[in-house]
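So the structure is just underneath, and the comments pick up after that.
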Amino acid sequence: MQVSCRLRGGGRSHRSGSRGHVDTVLSALNGLIWSKALIALCLGAGLWFSFRTRFMQVRGFVEMTRLTFSGKSSNAGVSSFQALAMSMAGRIGIGNIAGVATAIAFGGPGAVFWMWVMGFLGASTSFVECTLAQIYKEKDAEGRYRGGPAYYIEKAMGLKWYALAFAFATLVAAGLLMPGVQANAIADSIVNACRGGPVCGDLSGEILGMPAATALKAGIGITVAAMLAVVIFGGVKRIARFAETVVPFMAIAYILTAVVVMVANIDFLPTMFRIIFESAFGAHAAFGAMLGLAVEWGVKRGIYANEAGQGTGPHAAAAAEVSHPAKQGYVQAWAIYFDTMLICTSTAFLVLATGMYNVVNPAGGMLHEALPGVQAGAGFAQAGIDSILPGWGAGFLAVALFFFAFTTMLAYYYMAETNLTYLNNHVSRPGRTLLLRLAITGMVIFGAVRSAEMAWMLGDIGVGVMAWLNIVAILILQKPALQALRDYEQQKQQGLDPTFDPDRLGIRNADFWRKAP
(Lines give C-alpha, C1' and ligand atoms only; values in the text may rest on other atoms or scores of the structure.)
Protein backbone atom coordinates (compact mmCIF):
# COMPACT_ATOMS: atom_id res chain seq x y z
CA MET A 1 0.00 0.00 0.00
CA GLN A 2 2.98 2.28 0.33
CA VAL A 3 1.30 3.82 3.28
CA SER A 4 4.29 5.42 4.89
CA CYS A 5 5.27 7.54 1.94
CA ARG A 6 3.52 10.80 2.76
CA LEU A 7 2.73 13.11 -0.12
CA ARG A 8 0.66 15.73 1.64
CA GLY A 9 -1.10 18.77 0.45
CA GLY A 10 -1.36 21.95 2.43
CA GLY A 11 -3.58 22.00 5.48
CA ARG A 12 -4.58 24.34 8.24
CA SER A 13 -1.73 25.28 10.50
CA HIS A 14 -4.04 26.06 13.43
CA ARG A 15 -5.53 23.12 15.27
CA SER A 16 -7.80 23.04 18.21
CA GLY A 17 -6.56 21.55 21.47
CA SER A 18 -8.76 18.49 21.08
CA ARG A 19 -7.56 17.95 17.51
CA GLY A 20 -3.98 18.19 18.74
CA HIS A 21 -4.63 15.55 21.39
CA VAL A 22 -6.23 13.26 18.81
CA ASP A 23 -3.23 13.67 16.52
CA THR A 24 -0.88 12.89 19.39
CA VAL A 25 -2.77 9.72 20.29
CA LEU A 26 -2.98 8.56 16.67
CA SER A 27 0.70 9.30 16.09
CA ALA A 28 1.66 7.28 19.15
CA LEU A 29 -0.58 4.40 18.06
CA ASN A 30 0.86 4.52 14.55
CA GLY A 31 4.39 4.41 15.94
CA LEU A 32 3.48 1.43 18.13
CA ILE A 33 1.93 -0.54 15.27
CA TRP A 34 4.67 0.26 12.73
CA SER A 35 7.46 -0.37 15.20
CA LYS A 36 10.64 -2.33 14.59
CA ALA A 37 8.75 -5.37 15.88
CA LEU A 38 6.54 -5.39 12.77
CA ILE A 39 9.56 -4.89 10.52
CA ALA A 40 11.29 -7.81 12.25
CA LEU A 41 8.13 -9.91 11.92
CA CYS A 42 7.90 -9.27 8.17
CA LEU A 43 11.59 -9.98 7.62
CA GLY A 44 11.55 -13.03 9.88
CA ALA A 45 8.46 -14.43 8.16
CA GLY A 46 10.18 -14.03 4.78
CA LEU A 47 13.24 -15.93 6.03
CA TRP A 48 11.11 -18.66 7.58
CA PHE A 49 8.95 -19.19 4.50
CA SER A 50 12.02 -19.16 2.25
CA PHE A 51 13.48 -22.08 4.20
CA ARG A 52 10.14 -23.93 4.48
CA THR A 53 9.50 -23.65 0.73
CA ARG A 54 13.15 -24.56 0.03
CA PHE A 55 13.60 -21.16 -1.61
CA MET A 56 10.88 -21.66 -4.18
CA GLN A 57 11.53 -18.12 -5.39
CA VAL A 58 14.84 -19.43 -6.78
CA ARG A 59 13.97 -23.01 -7.71
CA GLY A 60 10.68 -22.03 -9.28
CA PHE A 61 11.67 -18.85 -11.09
CA VAL A 62 11.26 -20.34 -14.57
CA GLU A 63 7.92 -21.90 -13.60
CA MET A 64 6.57 -18.71 -12.05
CA THR A 65 7.53 -16.76 -15.16
CA ARG A 66 5.78 -19.31 -17.41
CA LEU A 67 2.63 -19.31 -15.31
CA THR A 68 2.46 -15.52 -15.18
CA PHE A 69 1.68 -15.28 -18.88
CA SER A 70 -0.55 -18.33 -19.19
CA GLY A 71 -4.03 -19.28 -18.09
CA LYS A 72 -7.53 -18.26 -19.08
CA SER A 73 -10.40 -16.47 -17.41
CA SER A 74 -13.91 -17.83 -16.88
CA ASN A 75 -17.33 -16.50 -16.01
CA ALA A 76 -16.44 -16.84 -12.32
CA GLY A 77 -12.80 -15.83 -12.32
CA VAL A 78 -10.12 -13.85 -14.11
CA SER A 79 -6.95 -15.17 -15.74
CA SER A 80 -3.71 -15.54 -13.80
CA PHE A 81 -2.28 -12.54 -15.63
CA GLN A 82 -5.37 -10.43 -14.91
CA ALA A 83 -5.16 -11.39 -11.22
CA LEU A 84 -1.47 -10.48 -11.30
CA ALA A 85 -2.30 -7.11 -12.89
CA MET A 86 -4.96 -6.45 -10.25
CA SER A 87 -2.55 -7.19 -7.43
CA MET A 88 0.23 -5.20 -9.14
CA ALA A 89 -2.18 -2.27 -9.38
CA GLY A 90 -2.15 -2.23 -5.58
CA ARG A 91 1.56 -2.91 -5.19
CA ILE A 92 2.73 -0.28 -7.69
CA GLY A 93 1.81 3.07 -6.17
CA ILE A 94 3.25 6.40 -5.16
CA GLY A 95 5.58 4.62 -2.73
CA ASN A 96 7.47 3.11 -5.65
CA ILE A 97 8.60 6.62 -6.55
CA ALA A 98 8.52 8.77 -3.43
CA GLY A 99 8.93 5.87 -1.00
CA VAL A 100 12.21 4.70 -2.50
CA ALA A 101 13.55 8.27 -2.56
CA THR A 102 12.61 8.64 1.11
CA ALA A 103 14.48 5.43 1.96
CA ILE A 104 17.62 6.80 0.29
CA ALA A 105 17.26 10.14 2.06
CA PHE A 106 16.96 8.67 5.55
CA GLY A 107 18.83 5.37 5.16
CA GLY A 108 21.46 6.24 2.59
CA PRO A 109 22.10 4.45 -0.73
CA GLY A 110 22.53 1.18 1.19
CA ALA A 111 18.79 1.11 1.84
CA VAL A 112 18.38 0.01 -1.79
CA PHE A 113 20.27 -3.23 -1.07
CA TRP A 114 18.09 -4.07 1.92
CA MET A 115 15.03 -3.27 -0.17
CA TRP A 116 16.23 -5.96 -2.60
CA VAL A 117 16.68 -8.39 0.29
CA MET A 118 13.12 -7.76 1.46
CA GLY A 119 11.83 -8.29 -2.07
CA PHE A 120 13.69 -11.58 -2.40
CA LEU A 121 12.43 -12.94 0.92
CA GLY A 122 8.97 -11.46 0.47
CA ALA A 123 8.40 -13.58 -2.65
CA SER A 124 8.06 -16.69 -0.48
CA THR A 125 5.70 -14.88 1.91
CA SER A 126 3.55 -13.83 -1.02
CA PHE A 127 3.47 -17.41 -2.28
CA VAL A 128 2.16 -18.69 1.05
CA GLU A 129 -0.56 -16.08 1.57
CA CYS A 130 -1.77 -16.14 -2.04
CA THR A 131 -1.84 -19.94 -2.18
CA LEU A 132 -3.90 -19.94 1.01
CA ALA A 133 -6.29 -17.46 -0.62
CA GLN A 134 -6.77 -19.85 -3.54
CA ILE A 135 -7.22 -22.92 -1.32
CA TYR A 136 -9.98 -21.32 0.75
CA LYS A 137 -11.68 -19.18 -1.91
CA GLU A 138 -15.40 -19.44 -2.60
CA LYS A 139 -18.06 -18.17 -5.00
CA ASP A 140 -20.29 -15.29 -3.97
CA ALA A 141 -24.01 -15.04 -4.70
CA GLU A 142 -23.27 -13.74 -8.21
CA GLY A 143 -20.94 -16.60 -9.03
CA ARG A 144 -17.67 -14.67 -8.72
CA TYR A 145 -14.60 -15.90 -6.89
CA ARG A 146 -13.92 -14.24 -3.55
CA GLY A 147 -11.15 -14.84 -1.07
CA GLY A 148 -8.42 -13.33 1.05
CA PRO A 149 -7.18 -13.33 4.62
CA ALA A 150 -10.63 -13.00 6.21
CA TYR A 151 -11.76 -16.11 4.34
CA TYR A 152 -8.78 -18.34 5.16
CA ILE A 153 -8.63 -17.11 8.76
CA GLU A 154 -12.24 -18.20 9.29
CA LYS A 155 -12.05 -21.49 7.39
CA ALA A 156 -8.59 -22.69 8.42
CA MET A 157 -8.34 -21.22 11.94
CA GLY A 158 -12.01 -21.27 12.84
CA LEU A 159 -11.75 -17.84 14.50
CA LYS A 160 -14.67 -15.79 13.23
CA TRP A 161 -13.83 -12.76 15.39
CA TYR A 162 -10.28 -12.73 14.05
CA ALA A 163 -11.54 -12.81 10.46
CA LEU A 164 -14.07 -10.05 11.16
CA ALA A 165 -11.33 -7.86 12.64
CA PHE A 166 -9.22 -8.23 9.50
CA ALA A 167 -12.18 -7.60 7.19
CA PHE A 168 -13.21 -4.47 9.06
CA ALA A 169 -9.65 -3.08 9.13
CA THR A 170 -9.35 -3.63 5.38
CA LEU A 171 -12.74 -2.10 4.60
CA VAL A 172 -11.90 1.07 6.53
CA ALA A 173 -8.31 1.43 5.32
CA ALA A 174 -8.78 0.49 1.66
CA GLY A 175 -12.33 1.71 1.17
CA LEU A 176 -12.41 5.01 3.04
CA LEU A 177 -8.96 6.32 3.94
CA MET A 178 -6.33 5.51 1.34
CA PRO A 179 -8.12 6.46 -1.92
CA GLY A 180 -8.18 10.12 -0.90
CA VAL A 181 -4.44 10.11 -0.31
CA GLN A 182 -3.76 8.72 -3.77
CA ALA A 183 -6.05 11.41 -5.23
CA ASN A 184 -4.14 14.03 -3.27
CA ALA A 185 -0.89 12.81 -4.83
CA ILE A 186 -2.39 12.97 -8.33
CA ALA A 187 -3.72 16.50 -7.80
CA ASP A 188 -0.48 17.81 -6.30
CA SER A 189 1.66 16.32 -9.06
CA ILE A 190 -0.49 17.80 -11.83
CA VAL A 191 -0.61 21.24 -10.18
CA ASN A 192 3.16 21.22 -9.68
CA ALA A 193 3.75 20.13 -13.27
CA CYS A 194 1.64 22.86 -14.86
CA ARG A 195 2.27 25.69 -12.38
CA GLY A 196 3.75 28.66 -14.20
CA GLY A 197 3.01 27.15 -17.61
CA PRO A 198 0.73 28.46 -20.37
CA VAL A 199 -2.26 26.46 -19.10
CA CYS A 200 -2.19 27.11 -15.35
CA GLY A 201 -0.13 30.27 -15.01
CA ASP A 202 1.12 31.14 -11.53
CA LEU A 203 -2.14 30.03 -9.83
CA SER A 204 -2.03 33.08 -7.57
CA GLY A 205 -5.57 34.28 -8.29
CA GLU A 206 -9.02 32.97 -7.47
CA ILE A 207 -11.57 30.88 -9.35
CA LEU A 208 -15.18 30.71 -8.17
CA GLY A 209 -14.24 32.40 -4.92
CA MET A 210 -11.50 29.95 -3.98
CA PRO A 211 -7.72 29.93 -4.54
CA ALA A 212 -6.90 28.94 -8.11
CA ALA A 213 -4.76 25.97 -7.01
CA THR A 214 -7.59 24.64 -4.85
CA ALA A 215 -10.10 25.05 -7.67
CA LEU A 216 -7.77 23.20 -10.04
CA LYS A 217 -7.38 20.38 -7.51
CA ALA A 218 -11.16 20.18 -7.13
CA GLY A 219 -11.52 19.84 -10.89
CA ILE A 220 -8.86 17.14 -10.95
CA GLY A 221 -10.57 15.31 -8.09
CA ILE A 222 -13.96 15.35 -9.84
CA THR A 223 -12.38 14.12 -13.09
CA VAL A 224 -10.48 11.30 -11.39
CA ALA A 225 -13.58 10.32 -9.39
CA ALA A 226 -15.64 10.12 -12.57
CA MET A 227 -12.99 7.96 -14.26
CA LEU A 228 -12.83 5.71 -11.21
CA ALA A 229 -16.61 5.35 -11.14
CA VAL A 230 -16.71 4.27 -14.79
CA VAL A 231 -14.36 1.39 -13.99
CA ILE A 232 -15.61 0.23 -10.57
CA PHE A 233 -19.30 0.38 -11.50
CA GLY A 234 -18.41 -2.13 -14.21
CA GLY A 235 -17.50 -4.75 -11.61
CA VAL A 236 -14.52 -7.06 -11.11
CA LYS A 237 -14.22 -8.02 -14.77
CA ARG A 238 -13.86 -4.38 -15.87
CA ILE A 239 -11.31 -3.73 -13.13
CA ALA A 240 -9.32 -6.77 -14.30
CA ARG A 241 -9.43 -5.72 -17.96
CA PHE A 242 -8.40 -2.16 -17.14
CA ALA A 243 -5.53 -3.33 -14.91
CA GLU A 244 -4.41 -5.87 -17.52
CA THR A 245 -4.07 -3.08 -20.08
CA VAL A 246 -2.75 -0.18 -18.02
CA VAL A 247 -0.43 -1.77 -15.45
CA PRO A 248 2.06 -3.30 -17.95
CA PHE A 249 2.05 -0.09 -20.01
CA MET A 250 2.77 2.24 -17.12
CA ALA A 251 5.38 -0.06 -15.59
CA ILE A 252 7.28 -0.56 -18.86
CA ALA A 253 7.22 3.16 -19.67
CA TYR A 254 8.66 3.99 -16.26
CA ILE A 255 11.35 1.30 -16.51
CA LEU A 256 12.36 2.46 -20.00
CA THR A 257 12.73 6.03 -18.75
CA ALA A 258 15.03 4.79 -16.01
CA VAL A 259 17.04 2.82 -18.57
CA VAL A 260 17.49 5.94 -20.71
CA VAL A 261 18.78 7.86 -17.70
CA MET A 262 21.12 5.01 -16.74
CA VAL A 263 22.53 4.71 -20.26
CA ALA A 264 23.20 8.46 -20.27
CA ASN A 265 25.11 8.01 -17.01
CA ILE A 266 26.73 4.69 -17.89
CA ASP A 267 30.16 5.77 -16.70
CA PHE A 268 28.83 6.32 -13.19
CA LEU A 269 27.06 2.95 -12.84
CA PRO A 270 30.04 1.00 -11.36
CA THR A 271 30.48 3.73 -8.75
CA MET A 272 26.75 3.70 -8.01
CA PHE A 273 26.70 -0.06 -7.35
CA ARG A 274 29.81 0.22 -5.18
CA ILE A 275 28.18 2.95 -3.10
CA ILE A 276 25.02 0.86 -2.67
CA PHE A 277 26.86 -2.23 -1.40
CA GLU A 278 29.41 -0.37 0.70
CA SER A 279 26.68 1.74 2.28
CA ALA A 280 24.52 -1.35 2.89
CA PHE A 281 27.19 -2.86 5.16
CA GLY A 282 28.54 0.36 6.64
CA ALA A 283 31.80 0.23 4.66
CA HIS A 284 31.39 3.53 2.82
CA ALA A 285 33.18 6.37 4.56
CA ALA A 286 30.34 8.87 4.15
CA PHE A 287 27.49 6.53 5.11
CA GLY A 288 29.21 4.10 7.48
CA ALA A 289 27.41 5.41 10.57
CA MET A 290 24.02 4.81 8.91
CA LEU A 291 24.18 0.99 8.76
CA GLY A 292 21.24 0.53 11.14
CA LEU A 293 19.18 3.13 9.30
CA ALA A 294 19.98 1.53 5.93
CA VAL A 295 18.62 -1.80 7.15
CA GLU A 296 15.58 -0.22 8.81
CA TRP A 297 14.57 2.02 5.90
CA GLY A 298 15.41 -0.55 3.23
CA VAL A 299 13.35 -3.28 4.88
CA LYS A 300 10.50 -0.88 5.73
CA ARG A 301 10.27 0.52 2.22
CA GLY A 302 10.57 -2.97 0.76
CA ILE A 303 7.59 -4.04 2.86
CA TYR A 304 5.58 -0.95 1.92
CA ALA A 305 6.31 -1.33 -1.79
CA ASN A 306 5.80 -5.05 -2.38
CA GLU A 307 3.21 -5.59 0.40
CA ALA A 308 4.32 -9.16 1.02
CA GLY A 309 2.57 -10.31 4.18
CA GLN A 310 0.22 -7.36 4.50
CA GLY A 311 -2.72 -9.40 3.23
CA THR A 312 -3.48 -7.19 0.22
CA GLY A 313 -2.28 -9.43 -2.64
CA PRO A 314 -4.40 -12.48 -1.64
CA HIS A 315 -7.63 -10.68 -2.54
CA ALA A 316 -6.74 -10.49 -6.22
CA ALA A 317 -5.01 -13.87 -6.14
CA ALA A 318 -8.24 -15.57 -5.04
CA ALA A 319 -10.05 -14.23 -8.12
CA ALA A 320 -7.86 -16.18 -10.55
CA GLU A 321 -9.15 -19.17 -12.52
CA VAL A 322 -6.50 -21.88 -12.02
CA SER A 323 -6.45 -25.67 -11.75
CA HIS A 324 -4.20 -25.67 -8.68
CA PRO A 325 -3.76 -23.06 -5.89
CA ALA A 326 0.03 -23.17 -6.14
CA LYS A 327 -0.16 -21.81 -9.69
CA GLN A 328 -1.38 -18.44 -8.47
CA GLY A 329 1.06 -18.59 -5.57
CA TYR A 330 3.88 -18.80 -8.10
CA VAL A 331 2.44 -15.91 -10.11
CA GLN A 332 2.15 -13.66 -7.07
CA ALA A 333 5.71 -14.50 -6.01
CA TRP A 334 6.82 -13.29 -9.43
CA ALA A 335 4.89 -10.06 -8.78
CA ILE A 336 7.20 -9.29 -5.84
CA TYR A 337 10.23 -9.58 -8.07
CA PHE A 338 8.67 -7.29 -10.67
CA ASP A 339 7.64 -4.67 -8.14
CA THR A 340 10.83 -4.53 -6.09
CA MET A 341 13.54 -5.58 -8.50
CA LEU A 342 12.26 -3.55 -11.47
CA ILE A 343 9.94 -0.70 -10.46
CA CYS A 344 11.54 0.28 -7.15
CA THR A 345 15.02 -0.31 -8.55
CA SER A 346 14.21 1.96 -11.50
CA THR A 347 13.44 4.79 -9.09
CA ALA A 348 16.61 4.09 -7.12
CA PHE A 349 18.70 4.24 -10.27
CA LEU A 350 16.96 7.40 -11.48
CA VAL A 351 18.01 9.04 -8.23
CA LEU A 352 21.44 7.50 -7.61
CA ALA A 353 22.83 7.35 -11.14
CA THR A 354 22.29 11.09 -11.52
CA GLY A 355 23.35 12.04 -7.98
CA MET A 356 20.06 13.89 -7.51
CA TYR A 357 19.39 13.06 -3.89
CA ASN A 358 19.96 14.29 -0.36
CA VAL A 359 20.88 12.10 2.60
CA VAL A 360 19.84 13.30 6.03
CA ASN A 361 22.51 12.97 8.71
CA PRO A 362 20.97 11.52 11.89
CA ALA A 363 23.26 13.81 13.86
CA GLY A 364 21.97 16.86 12.00
CA GLY A 365 22.56 18.50 8.64
CA MET A 366 23.23 16.61 5.43
CA LEU A 367 25.72 13.90 4.53
CA HIS A 368 24.99 14.45 0.85
CA GLU A 369 23.15 17.42 -0.55
CA ALA A 370 22.60 17.70 -4.30
CA LEU A 371 19.14 19.28 -4.11
CA PRO A 372 19.08 21.95 -1.41
CA GLY A 373 15.60 22.64 -0.14
CA VAL A 374 14.00 19.66 -1.89
CA GLN A 375 12.13 17.33 0.46
CA ALA A 376 12.63 13.59 0.13
CA GLY A 377 10.16 12.23 -2.39
CA ALA A 378 9.22 12.36 -6.04
CA GLY A 379 11.30 15.53 -6.51
CA PHE A 380 14.47 13.41 -6.45
CA ALA A 381 13.29 11.29 -9.39
CA GLN A 382 11.99 14.39 -11.17
CA ALA A 383 15.42 16.03 -10.91
CA GLY A 384 17.08 12.85 -12.17
CA ILE A 385 14.95 12.84 -15.32
CA ASP A 386 15.42 16.59 -15.82
CA SER A 387 19.19 16.15 -15.70
CA ILE A 388 19.00 14.12 -18.92
CA LEU A 389 15.75 15.37 -20.46
CA PRO A 390 15.43 19.01 -19.32
CA GLY A 391 11.87 20.12 -18.74
CA TRP A 392 10.40 16.60 -18.87
CA GLY A 393 10.81 15.54 -15.25
CA ALA A 394 7.77 17.21 -13.68
CA GLY A 395 5.43 16.30 -16.54
CA PHE A 396 6.54 12.69 -16.81
CA LEU A 397 6.38 12.15 -13.05
CA ALA A 398 2.88 13.65 -13.00
CA VAL A 399 1.75 11.16 -15.65
CA ALA A 400 3.50 8.26 -13.91
CA LEU A 401 2.03 9.18 -10.54
CA PHE A 402 -1.41 9.48 -12.09
CA PHE A 403 -1.35 5.95 -13.49
CA PHE A 404 0.33 4.49 -10.41
CA ALA A 405 -2.13 6.15 -8.03
CA PHE A 406 -5.23 5.57 -10.16
CA THR A 407 -4.67 1.84 -10.53
CA THR A 408 -3.87 1.64 -6.82
CA MET A 409 -7.29 3.15 -6.08
CA LEU A 410 -8.87 0.43 -8.22
CA ALA A 411 -7.07 -2.21 -6.18
CA TYR A 412 -8.21 -0.54 -2.96
CA TYR A 413 -11.81 -0.68 -4.14
CA TYR A 414 -11.61 -4.36 -5.04
CA MET A 415 -10.13 -5.23 -1.63
CA ALA A 416 -12.77 -3.15 0.15
CA GLU A 417 -15.59 -4.76 -1.87
CA THR A 418 -14.29 -8.27 -1.15
CA ASN A 419 -14.20 -7.62 2.58
CA LEU A 420 -17.59 -5.92 2.48
CA THR A 421 -18.96 -9.12 0.93
CA TYR A 422 -17.37 -11.09 3.74
CA LEU A 423 -18.87 -8.82 6.39
CA ASN A 424 -22.24 -9.29 4.68
CA ASN A 425 -22.02 -13.01 5.52
CA HIS A 426 -20.42 -13.88 2.17
CA VAL A 427 -23.36 -12.40 0.23
CA SER A 428 -23.16 -9.42 -2.14
CA ARG A 429 -25.71 -6.79 -1.15
CA PRO A 430 -26.15 -4.29 -4.02
CA GLY A 431 -27.30 -1.45 -1.77
CA ARG A 432 -24.23 -1.62 0.46
CA THR A 433 -21.93 -2.08 -2.52
CA LEU A 434 -23.43 1.08 -4.05
CA LEU A 435 -22.74 2.98 -0.83
CA LEU A 436 -19.12 1.79 -0.91
CA ARG A 437 -18.72 2.94 -4.51
CA LEU A 438 -20.20 6.34 -3.73
CA ALA A 439 -18.04 6.64 -0.62
CA ILE A 440 -14.80 5.85 -2.41
CA THR A 441 -15.52 8.30 -5.26
CA GLY A 442 -16.44 10.94 -2.67
CA MET A 443 -13.17 10.37 -0.81
CA VAL A 444 -11.29 10.86 -4.07
CA ILE A 445 -12.79 14.34 -4.49
CA PHE A 446 -12.29 15.22 -0.84
CA GLY A 447 -8.72 13.92 -0.78
CA ALA A 448 -7.74 15.82 -3.92
CA VAL A 449 -8.65 19.15 -2.29
CA ARG A 450 -7.84 18.68 1.36
CA SER A 451 -4.71 17.76 3.28
CA ALA A 452 -4.29 14.01 3.54
CA GLU A 453 -2.27 14.07 6.78
CA MET A 454 -4.98 12.59 9.00
CA ALA A 455 -6.00 10.07 6.34
CA TRP A 456 -2.38 8.92 5.96
CA MET A 457 -2.10 8.41 9.68
CA LEU A 458 -5.36 6.48 9.93
CA GLY A 459 -4.46 4.54 6.80
CA ASP A 460 -1.09 3.62 8.30
CA ILE A 461 -2.87 2.30 11.36
CA GLY A 462 -5.43 0.34 9.34
CA VAL A 463 -2.86 -1.31 7.06
CA GLY A 464 -0.53 -1.92 10.01
CA VAL A 465 -3.29 -3.79 11.82
CA MET A 466 -3.89 -5.78 8.61
CA ALA A 467 -0.21 -6.75 8.49
CA TRP A 468 -0.09 -7.86 12.12
CA LEU A 469 -3.27 -9.93 11.79
CA ASN A 470 -2.28 -11.50 8.47
CA ILE A 471 1.34 -12.41 9.19
CA VAL A 472 0.45 -14.04 12.49
CA ALA A 473 -2.31 -15.95 10.67
CA ILE A 474 -0.15 -17.25 7.81
CA LEU A 475 2.61 -18.30 10.22
CA ILE A 476 -0.02 -20.46 11.95
CA LEU A 477 -1.74 -21.59 8.73
CA GLN A 478 1.30 -22.24 6.54
CA LYS A 479 0.90 -26.04 6.37
CA PRO A 480 -1.81 -26.18 3.63
CA ALA A 481 0.22 -23.85 1.41
CA LEU A 482 3.35 -25.97 1.87
CA GLN A 483 1.34 -29.12 1.13
CA ALA A 484 0.00 -27.51 -2.03
CA LEU A 485 3.55 -26.63 -3.13
CA ARG A 486 4.80 -30.19 -2.65
CA ASP A 487 1.73 -31.61 -4.39
CA TYR A 488 2.22 -29.27 -7.34
CA GLU A 489 5.89 -30.15 -7.70
CA GLN A 490 5.19 -33.88 -7.52
CA GLN A 491 2.55 -33.70 -10.23
CA LYS A 492 4.88 -31.64 -12.42
CA GLN A 493 7.59 -34.28 -12.01
CA GLN A 494 5.07 -36.84 -13.28
CA GLY A 495 4.48 -34.75 -16.39
CA LEU A 496 0.97 -33.71 -15.40
CA ASP A 497 -0.84 -30.39 -15.50
CA PRO A 498 -1.40 -30.22 -11.73
CA THR A 499 -4.93 -30.30 -10.32
CA PHE A 500 -5.89 -29.90 -6.70
CA ASP A 501 -7.71 -32.36 -4.44
CA PRO A 502 -7.80 -31.13 -0.81
CA ASP A 503 -9.24 -34.42 0.48
CA ARG A 504 -6.24 -36.35 -0.79
CA LEU A 505 -3.95 -33.96 1.09
CA GLY A 506 -6.08 -33.93 4.23
CA ILE A 507 -6.89 -30.22 3.94
CA ARG A 508 -10.23 -29.43 5.55
CA ASN A 509 -12.81 -26.73 4.71
CA ALA A 510 -11.46 -26.17 1.19
CA ASP A 511 -15.01 -26.76 -0.06
CA PHE A 512 -14.58 -25.04 -3.41
CA TRP A 513 -12.01 -27.63 -4.52
CA ARG A 514 -13.78 -30.74 -3.23
CA LYS A 515 -14.83 -33.16 -5.92
CA ALA A 516 -18.47 -34.18 -6.05
CA PRO A 517 -19.07 -37.64 -4.52
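The values are calculated or read from the model by the stated rules, or taken from the named source; none is laboratory data. Predicted model, so just to flag it, every value in this text is computed and none were measured. Note: ideal-geometry Cβ built from the backbone for every residue, glycine included; neighbour counts use all protein chains shown. Just the protein is used for accessible areas: all its heavy atoms, side chains included, with ligands, DNA and RNA removed. Shrake-Rupley method; radii C 1.70, N 1.55, O 1.52, S 1.80 Å.
Distance in nm between label sites at T271 and M341, each 7 Å beyond Cα in the beta-carbon direction?
2.8 nm
Largest first, what is the accessible-area ranking of M250, M262 with a 1.4 Å probe?
M262, M250
Is the shape of the stretch 477-517 rounded, prolate or oblate, going by the alpha carbon gyration tensor and its root eigenvalues a ≥ b ≥ c, with a/c under 1.5 for rounded and a/b larger than b/c for prolate?
Working: a/c = 2.81, a/b = 1.29, b/c = 2.18.
Judged from the Cα gyration tensor, the stretch 477-517 comes out oblate (a/c at least 1.5, b/c at or above a/b).
What spacing in nm lies between the two simple spin-label points modelled at N509 and R432, each 7 Å away from Cα in the Cβ direction?
Placing both labels 7 Å along Cα→Cβ, they lie 2.0 nm apart.
To the nearest 10 square angstrom, what accessible area does I220 show with a 1.4 Å probe?
Probe radius 1.4 Å; accessible area of I220 about 20 Å².
Order W392, W334 by their accessible area, 1.4 angstrom probe, all chains in place, largest first.
My answer, sorted largest first, is W392, W334.
Please identify which residues in the stretch 403-425 have an amide N closer than 18 Å to a label point set 7 Å out from the Cα of V260, following the Cα→Cβ vector.
Residues 403-404 fall inside that zone.
Among the aspartates and glutamates, which fall within straight-line cross-link reach of K36, defined as a Cα-Cα distance under 19 Å, with same-chain neighbours fewer than 8 residues apart omitted?
List returned: E296, E307, D460.
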